[in-house]
Amino acid sequence: MREHGRVPLLASILLMNWLTGAWAVFRKDLRVELRSQYAANTLLLFALAALFLVAFAVGPQPLSARVRAALLWIVLLFAASIGLGRSFVAEYEGGTALLLRLHTRASMVFAGKLLFNFGLVVLLTLVATSVFLLLLGVSVGTPGLFAGTLALGALGLTSATTLLSALVARASRGGPLLPVLLLPVLVPVLVSGVGATRKALLGQGWGAAQDELLTLVGFAGATLSAAVVLFDYVWVD
Amino acid sequence: MPSQVQTQGLVSRRLYRVVRGTVVVVLTGILIAGLLGKIPQLDILEQSARNLYFHVPMWFALMAATIVSAYHSAQHLRHGDRIRDLRAREAARLGLIFGGLGIVTGMVWARFTWYEGTGVWWNFDPKQSMAAVLLLIYGGYFVLRDAIDAPRTRGRIAAVYNLFAVVTMPFLLYILPRQMPSLHPGGEGSPAFSQTDLAPAMRWVFYPSVLAFLGLCWLLYTQRVRLAWLREVLRQKALGNAHGDGDAAH
């Protein structure tokens, strides 16, 4: 009888420990980031510069919905692939990876970093999208579908980027490696995201974009589960 | 005394010889029968239908190489054997080679069927583009390997990337191409090699060709694995001599 009572208690204590650990990693990253705002500023400035380049390059004439959707997603993907690589590299450069490894479990580190990167991607998406809508004078036909597509895309983008940036951080010649690894893997996000965004811009309903949304959900789910399983091998020596 | 490096355990010599003989004979036969044999005369396709004997088996070989590479990557993560990493690497390299050949043969075929009279070589048909992305992923795998110096770390990190990429491949190969209009055979309203689509005479060349290309892929794979293993052992020996300790080739 006593054993039966203890198992759920033990499980809930372990879960609480895990959540506390993951939250602590997230808060640490957030605090380091708030100290210098390096990652957020790089990300946002890159996205803004790219958007201005796009606006200058295409000129004032109106664009088709497909081209607009494609431009937005290209800017988002490139900005994420360039700006999100820092958090793991910083652990190795600062020599804090070993301490982190001693004090927390791999899954906590992954969850904390994932949350932090997701925050950065959400910030990036919000800023880049509003500037994009403003600069190109785009009106969105179905705002709900537009927001939903961006949110699902951001999830898939974050899970793939977090794992791959952890891989690149282990490379002695990192440099521009992350975009090379990331962009081919993110092709499904790009294709489905552009498809659904185009339909949202044209004012079509949720039902019309069903295939694309399901693909985005599937991609986010598949990459997230694979990343959770595989991260242990990247983090622990 | 120059010591012999053994690669006996990696592949059965007898099996290798049997497969080598069979592949040489069968592939020669397929080259002759594939280029000179009778095929049904169909509009648009005409003689280009012979591409089936070469293009499709190349993709079978790519699929097999992908699966073998992912399997050995998973085994490498589980047990950490060096040989598993070498096997995963060589299988990925063969996937790249057969995939590249498959893309080229497909491109030439599409030029004279889909885009006949337009002079277009590449028009971003979903299946073609996704296949190209697949090759980019394997290209990334080798770039990642080259970016890491320590062999143990390199093996593990490359295995993780390989498995992660394999998880996203179904989206590239099966989900996305089915959501977009494609001219590629096997899609909606476009014949491929189901029961009614393939002439009986062509089956007698096509099926052996698939087996022969898989055999060729295996031959190249085992040879490359043995070569990679020899290099590895010799490198370890050289390192051992340089450091002056005898337990190099463990």
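Reported value for the range A:53-139: 101 Å³ per residue, from the convex hull of its C-alpha atoms. Placing unit charges on each Cβ (+1 for Lys and Arg, -1 for Asp and Glu) gives the range A:2-235 a dipole about its Cα centre, and among A:Q37, A:G119, A:G59 the Cα reaching farthest toward its positive end belongs to A:Q37. Taking a ≥ b ≥ c as the square roots of the eigenvalues of the Cα gyration tensor, the range A:124-237 is prolate, since a/c reaches 1.5 or more and a/b is larger than b/c.
Where in the range A:70-98 does the amide nitrogen come within less than 19 Å of the point 7 Å from the Cα of A:F56, taken along Cα to Cβ? Backbone N within reach: A:71-72, A:75-76, A:79. What is the Cα centroid distance between the range A:124-200 and the range A:87-102, reported in whole angstrom? Here the two parts' Cα centres lie 26 Å apart.
Computed from the C-beta positions of B:L42 and B:L15 and an R0 of 56 Å, the FRET efficiency is 0.90 to the nearest 0.05. Applying 1/(1 + (r/R0)^6) with R0 = 25 Å to the Cβ-Cβ distance of A:V7 and A:V228, what FRET efficiency is obtained, to the nearest 0.05? The pair A:V7/A:V228 has a calculated efficiency of 0.60. Using only alpha-carbon positions in chain B, the gyration tensor eigenvalues give semi-axes of 39, 23, 14 Å once each is multiplied by 5 and square-rooted (largest first).
Entry note, chain A: relative contact order of 27 percent, from Cα contacts under 8 Å with a spacing of 6+ residues. Computed over neighbours whose Cβ is under 13 Å from that of A:L120, the net charge equals 0, Lys and Arg +1, Asp and Glu -1.
Label the range A:156-208 by shape, choosing from rounded, prolate and oblate, from the square roots a ≥ b ≥ c of the eigenvalues of the Cα gyration tensor; if a/c is under 1.5 it is rounded, and otherwise prolate applies when a/b is larger than b/c, oblate when it is not. Prolate is the answer for the range A:156-208, as a/c is 1.5 or above and a/b outweighs b/c. The mean number of Cβ atoms from other chains found within 10 Å of a Cβ in peptide B:148-154 is 3, as a whole number.
With a 10 Å cut-off around each Cβ of A:186-198, the average count of Cβ atoms from other chains is 3.
When peptides A:202-210, A:156-164, A:176-184, B:150-158 are ranked by their average number of other Cβ atoms within 10 Å per residue, the highest-first order is A:156-164, A:176-184, B:150-158, A:202-210.
Counting only Cα atoms, the protein assembly as shown measures 71, 71, 58 Å along its principal axes, largest extent leading.
Legend: calculated FRET efficiency, B:A199 to A:L102, from the Cβ-Cβ distance at R0 = 60 Å, rounded to 0.05, equals 0.35. Per residue, the convex hull spanned by the Cα atoms of the range A:2-235 amounts to 139 cubic angstrom. Kirkwood hydrodynamic radius of the range B:105-163, from the reciprocal of the average inverse Cα-Cα distance over all distinct pairs: 13.7 Å. Span-like helix criteria (full DSSP H runs; alpha carbon extent of at least 20 Å along the helix axis; mean Kyte-Doolittle hydropathy of at least -1.0) are satisfied in chain A by A:2-36, A:38-58, A:65-83, A:106-135, A:143-169, A:187-201, A:210-235. Loop sites here are trypsin sites (Lys or Arg not before Pro) outside DSSP states H, G, I, E and B with no more than 16 other Cβ atoms within 10 Å. The longest part of chain A free of them is A:1-104. Taking a ≥ b ≥ c as the square roots of the eigenvalues of the Cα gyration tensor, the range A:1-85 is oblate, since a/c reaches 1.5 or more and a/b is not larger than b/c. Can you tell me which lysines have their Cα less than 21 Å from the Cα of A:K113? Leave out same-chain residues fewer than eight positions away. Hits, sequence-local ones excluded: A:K28.
Values in this text are rule-based calculations from the coordinates and carry no lab data. This structure is a prediction, so every number in the text was calculated from the model and none was measured. Note that each Cβ is placed from the backbone with ideal geometry, even for glycine, and that neighbours are counted across all protein chains shown.
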